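Got a structure here, written out as structure tokens. Questions coming.
What follows draws every value from the coordinates through simple rules; no lab data is involved. Quick caveat: nothing in here was measured; it's all calculated off a predicted structure. When we count neighbours, we look across all protein chains shown, and the Cβ atoms used for this are built from the backbone with ideal geometry, even at glycine.
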Ligand code: APR
Ligand code: PHB
């Protein structure tokens, strides 16, 4: 096979890039390791910046989002039970939207045939070749049969565990946090109309939603904890304690339909380009989920990368591809900072003493009483300008 851009990975990054390139008439093929059913069933965060909703609108892929997405004008912080509303629209003029990543992935896959975007599912042994030459290639197997795609460019959108990052041979910056998030999905009405980030002496808790009848909740747990030790009752008790009485009053309990623990980490790989290989999304960077930036960062990478590749293929302009890595990394580092900041502010760290805890309290008290501090959180939460 021959194409212009071979895209490794059918997560949000690969699918958004495929649609962006197809809209500009550029040929591309997406090669994905797992099945469509698996990709469509992964449960991840669900708060979209305007960056992401604008991109979906430009691609004409927001029909369901416009109907089912829930606009949020603000977010809510809780400091040991004291509720701190943060107005996003008031200070930025923009809002965020609650819409599950699972739904976005489905919309992008459903729209692929009409866009002429080919996706090869269940590709084995995907390998990248000759990225330093003008004729890179991807090899893989389908049903045991060896396949090759010759291309002009490879886009590594294969997430944290894919092969693309290693092919760049860059340098890594990494932070692992000494805790994870235990997440529960339940078909109950959300406890609050906005996302709630709660800091409590017993640890962090988060209340979010997927729809008016489906809620997503998390509590901070130690890295040694096991899902089996968390009955639904134990989870709901802990969640309500940490959210504090004002928010907990709205909680409706119900059976969990999904329960899992995810570790938290910050990670950046630099640069994001080597020769004809470009990285985007989780292949290049991970943020802890506090702030819901993972999916949104993938979207901004794709805006930059698609502009760069369209400029190159359509007009022979190499400025965009030459500047891609530095341009994307500036926004990535600022978003890494915000995700690290909100994580550090809201969680209990096992090695923190009373001084660190008082600093967290003081900062949250400052936020509660300062319009400037709230505006800073709001502009980061809604998404920094592209
Ligand atoms: N060959 C082909 N595809 C691969 C390979 C491989 N060797 N390894 C991994 N993949 C696929 C994965 O199966 C997955 O479908 O690449 C895709 C990467 O998708 P994500 O992990 O979702 O990463 P990305 O698209 O960058 O999404 C960024 O969305 O999924 C979230 O946590 C993620 O929030 C982040 C954001
Ligand atoms: C979610 O809805 O799953 C969610 C919301 C906000 C976050 C993280 C996850 O910061």
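Listed residues 228, 240; which is free of Cβ contacts under 8 Å to residues at least 40 places away in the same chain and surrounded by 14 or more Cβ atoms within 10 Å (Cβ to Cβ)? Can you show your working first?
Numbers: 228 fails: surrounded by 14 or more Cβ atoms within 10 Å (Cβ to Cβ).
Sole residue among the options that is free of Cβ contacts under 8 Å to residues at least 40 places away in the same chain and surrounded by 14 or more Cβ atoms within 10 Å (Cβ to Cβ): 240.
Restricting to region 119-136, name every residue that is touching a strand residue (DSSP E or B) at 6+ places or on another chain (Cβ under 8 Å) and either closer than 30 Å to residue 70 by Cα or more than 14 Å from ligand 1 (Cβ to nearest atom) (or both).
Those that are touching a strand residue (DSSP E or B) at 6+ places or on another chain (Cβ under 8 Å) and either closer than 30 Å to residue 70 by Cα or more than 14 Å from ligand 1 (Cβ to nearest atom) (or both): 119, 130, 131, 132, 135, 136.
Let me ask you something else. Please name all residue pairs, on different chains or six or more residues apart, with Cβ atoms under 6 Å, provided the first residue is in region 183-200 and is in contact (Cβ under 8 Å) with a residue 24 or more places away in the chain and the second residue is within 12 Å of ligand 2 (Cβ to nearest atom) and not in a strand (DSSP E or B).
From residues that are in contact (Cβ under 8 Å) with a residue 24 or more places away in the chain, the pairs are 197/346; 199/346.
Looking only at region 4-38, which residues are buried (at least 19 other Cβ atoms within 10 Å of the Cβ) and over 15 Å from residue 158 (Cα atoms)?
19, 20, 21, 22, 26, 28
Quick check on residue 378: is it within 30 Å of residue 222 (Cα to Cα) and not in a helix (DSSP H, G or I)?
In short, no.
Specify the residue that is farthest from ligand 1 (Cβ to nearest atom); the eligible residues are those in region 137-182 that are in contact with a helix residue (DSSP H, G or I) (Cβ under 8 Å, 6 or more places away or on another chain) and assigned to a loop (DSSP other than H, G, I, E, B). Working first, answer last.
Initially, region 137-182 is screened for residues in contact with a helix residue (DSSP H, G or I) (Cβ under 8 Å, 6 or more places away or on another chain), giving 152-160, 162, 164-165, 175, 177, 182.
Adding the requirement that they be assigned to a loop (DSSP other than H, G, I, E, B) leaves 152, 157-160, 162.
On the way: 152: 19, 157: 5, 158: 4, 159: 3, 160: 6, 162: 3 Å.
Result: 152.
Oh, and also: Of everything in region 6-37 that's out of contact with any helix residue (DSSP H, G or I) (no Cβ under 9 Å at 6 or more places or on another chain) and closer than 16 Å to residue 110 by Cβ, which residue is farthest from ligand 1 (Cβ to nearest atom)?
37
Follow-up question, since we're still on this one. How about region 368-386: which of its residues are closer than 21 Å to residue 207 by Cα and surrounded by fewer than 18 Cβ atoms within 10 Å (Cβ to Cβ)?
Of everything in region 368-386, those that are closer than 21 Å to residue 207 by Cα and surrounded by fewer than 18 Cβ atoms within 10 Å (Cβ to Cβ) turn out to be 368, 379.
Find the strands (runs of 3 or more DSSP E) located wholly in region 1-120 whose residues include 1 or more that are farther than 30 Å from residue 365 by Cα and within 18 Å of the chain's Cα centre (by Cα), and list them.
Because the criterion is at least 1 residues that are farther than 30 Å from residue 365 by Cα and within 18 Å of the chain's Cα centre (by Cα), the strands (runs of 3 or more DSSP E) in region 1-120 that meet it are 5-8.
Within region 69-83, count every residue that is away from ligand 2 (no atom under 16 Å from the Cβ) and surrounded by fewer than 19 Cβ atoms within 10 Å (Cβ to Cβ).
If we filter region 69-83 for residues that are away from ligand 2 (no atom under 16 Å from the Cβ), which is where we start, we get 79-83.
From what is left, the residues that are surrounded by fewer than 19 Cβ atoms within 10 Å (Cβ to Cβ) are 80-83.
Number of matching residues: 4.
The conditions are (1) in contact (Cβ under 8 Å) with a residue 12 or more places away in the chain; (2) part of a helix (DSSP H, G or I), and residue 351 fails exactly one of them. Which is it?
(2)
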